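Data first, discussion second: the structure below is written as structure tokens.
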Amino acid sequence: MTEEAKLLRVLIVDDHAVVRSGLRAVLEDEEGLEIAGEAASADEAVEKARTLRPDVVLMDIRMDEGDDASGIDACRQIRSELPDTQVIMFTSYSEQESVLASIMAGATGFLTKNISHSKLVEAIHAAGRGASLLDPSVTRNVIERLAALSEASAQQKDVLSEREREVLVLIAQGCTNKEIAAKLVVSPYTARNHVIRILNKLGLSRRSEAAAHAVRIGLIKDE
């Protein structure tokens, strides 16, 4: 088999068994693709990726209790430990903040689950080649969102206290409440309250939105 025809090994990650089964049924008979395995949670995704070393991970962005941080955190860890493994975030939603957080975490692309069978297969092959990809509607929405928030973001930087800005940086780095508490030498309860106050002050509802906000206002660099 030539290098060009090399099988791309795909790890499917979704907390719903029926979704995993459906994706497996769609992909397993596709030429050039091989299902390396499945995972039902962010932690299992990281462990399976370490063991199986897939070429591409098809990652559900929202798992467990619906917090999109789980898939994004798993993406960040996989890309950090396995830089040759590409991660496609696969979701029913297309919130701009989630897209930005996914890109910050090193995702190769972000696709919505209403994508066609053929387009999904094309996207996996593109990711396997290292190509960056985004659903066109998602890309457009992100650009519009950034333009709308560019002026407001600079003003919102001063809304937070010094400690809250410190916590926001840790959120953007993917730290859990427990990890934030350990780094700041406070109780997990105090760390949780800081996170809640930050989200409330910024008018946000999820940690991934806060992470994207930290990049927009220059608290951390988007690398």
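When the residues of the stretch 186-206 are narrowed to those that are in contact (Cβ under 8 Å) with a residue 24 or more places away in the chain and outside any helix (DSSP H, G or I), which ends up farthest from the chain's Cα centre (by Cα)? Working first, answer last.
Within the stretch 186-206, the first condition is being in contact (Cβ under 8 Å) with a residue 24 or more places away in the chain, and the residues that meet it are 191, 194-195, 197-198, 201-202, 204, 206.
Narrowing the set further to residues that are outside any helix (DSSP H, G or I) leaves 204, 206.
Working: 204: 17, 206: 13 Å.
This residue is 204.
Pairs linking a residue in the stretch 159-180 that is assigned to a loop (DSSP other than H, G, I, E, B) to a residue that is hydrophobic (A, V, I, L, M, F, W, C), with Cβ atoms under 7 Å and 6 or more positions apart or on different chains, are 160/168; 160/198. Looking across the stretch 170-185, just one residue is surrounded by fewer than 16 Cβ atoms within 10 Å (Cβ to Cβ) and more than 20 Å from residue 77 (Cβ to Cβ), and that is 185.
Take the stretch 1-29 and flag every residue that is free of Cβ contacts under 8 Å to residues at least 12 places away in the same chain and among the β-branched types (Val, Ile, Thr). Selection gives 2, 18. Here the stretch 33-78 is the region considered, the condition is being in contact with an Asp or Glu (Cβ under 7 Å, 6 or more places away or on another chain) and in a helix (DSSP H, G or I), and the residue that is modelled with the highest pLDDT is 50. Looking only at residues in the stretch 30-55 that are in contact (Cβ under 8 Å) with a residue 40 or more places away in the chain and among the aliphatic types (A, V, I, L, M), the one that is nearest to residue 74 (Cα to Cα) is 52. In the stretch 147-168, is there at least one residue being closer than 26 Å to residue 77 by Cα, among the hydrophobic types (A, V, I, L, M, F, W, C) and modelled with pLDDT of 85 or more? So far as the stretch 147-168 goes, yes, one or more of its residues are closer than 26 Å to residue 77 by Cα, among the hydrophobic types (A, V, I, L, M, F, W, C) and modelled with pLDDT of 85 or more.
Do you know which residues across the stretch 13-32 are touching a strand residue (DSSP E or B) at 6+ places or on another chain (Cβ under 7 Å), outside any helix (DSSP H, G or I), over 15 Å from residue 91 (Cα atoms) and charged (D, E, K, R)?
We begin by selecting, within the stretch 13-32, every residue touching a strand residue (DSSP E or B) at 6+ places or on another chain (Cβ under 7 Å); these are 13-15, 20, 23-24, 27-28, 32.
Pick out the ones that are also outside any helix (DSSP H, G or I) and you get 13-15, 28, 32.
The next check asks that each one be over 15 Å from residue 91 (Cα atoms); those that pass are 28, 32.
Once the filter is applied, which keeps residues that are touching a strand residue (DSSP E or B) at 6+ places or on another chain (Cβ under 7 Å), outside any helix (DSSP H, G or I), over 15 Å from residue 91 (Cα atoms) and charged (D, E, K, R), the stretch 13-32 yields only 28.
The values are calculated or read from the model by the stated rules, or taken from the named source; none is laboratory data. Just so we're clear, the structure is a prediction, and the values are computed from it rather than from any experiment. As a convention, Cβ positions derive from the backbone with ideal geometry for all residues, glycine included, and neighbour counts pool all protein chains shown.
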